[in-house]
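As structure tokens, the structure follows; a few thoughts come after it.
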Amino acid sequence: MPHFTRGQFPHPTRAQILRFSQAVTGSAESERTYRHLVECETCFAEYVRAVGGSSSWLRGEFRAPPFFFRLGPARQLALAALAALACLMPGERDTFYSPAPPLREAVARSSAGGLVLPGAERCGPRSGVVVYRSAEAPGGDAAVQALNDACSASADRPDCADAAAWAIAGLLANDRIDDARVRALEARSRFPRDARFSIFSATVAYRESRLADAEECLREAIALEPRNPVARFDLAVVLAETDRTEAAIRLAAPLDGGRGHSVTSERARTLLASLR
């Protein structure tokens, strides 16, 4: 039975995501799928795989993805498609927020070590990192301005979970831990069904070496979204750092997609190689 992400839009099935990636129509199913994808990191990762050409397509079970989706990196195309659709969906401007590229890059850099931040899955792959604990990842004046814009959007649109999430991710990427802690706690109260904000609280605890608190927050996130790849990978990191190697491997192994190029799949490969 599907559970609800943030209490509004149920998880689409894999077949629905495949249909959506091949052709967006004016149907109720397309609108529901779209609205869920802009909220749910887990299903967005599935959408990226569908856009890039899934194993089901390679086996010939579904027709090939449209030519447009093969013109460049799947993640960037998926983001562009969702951003364009935001202008077409009624009322979507009130719930969808996309930050400026410098903020995305800062979040991606910060997720190259330590815990992966929610949103990093939408920023493109970062690989080759062996360390666990993250250093700060400031991104210069442009990133600071992009962070300020996200914080302003969060204040102006208090019901927009995306704006709140990108603001907190940016604060963590710029090592503003105290500000991130306060905002994450407020967001967890405002959006109690959104797993991202439990992950942000976990990241704050992790950066402060409070690993037991980080684990508790991550388990809360997984209870909200059992398939969330960011929460599952981050918990694997915490387990690895507390000498629970077998448990960490069990969590990280399903995230290693072989030829996958998401942040979590590449980080999972690195983590598994260091543990085995």
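At a glance:
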{"item": "Size-normalised alpha-carbon gyration radius of the stretch 203-276, reference 2.2 N^0.38 Å", "result": "1.03"}
{"item": "Simple Cβ-charge dipole of the stretch 198-276, Lys/Arg +1 and Asp/Glu -1, about Cα centre, in debye nearest 20", "result": "340 debye"}
{"item": "Inter-label distance for ALA142 and ARG219, nm, one decimal - labels placed 7 Å from Cα along Cα-to-Cβ", "result": "4.3 nm"}
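Bear in mind that the values in this text are calculations on the coordinates, not laboratory data. This one's a predicted model, so the numbers in the text were calculated from it and none came from an experiment. Cβ: placed from backbone, ideal geometry, glycine included. Neighbour counts: every protein chain shown.
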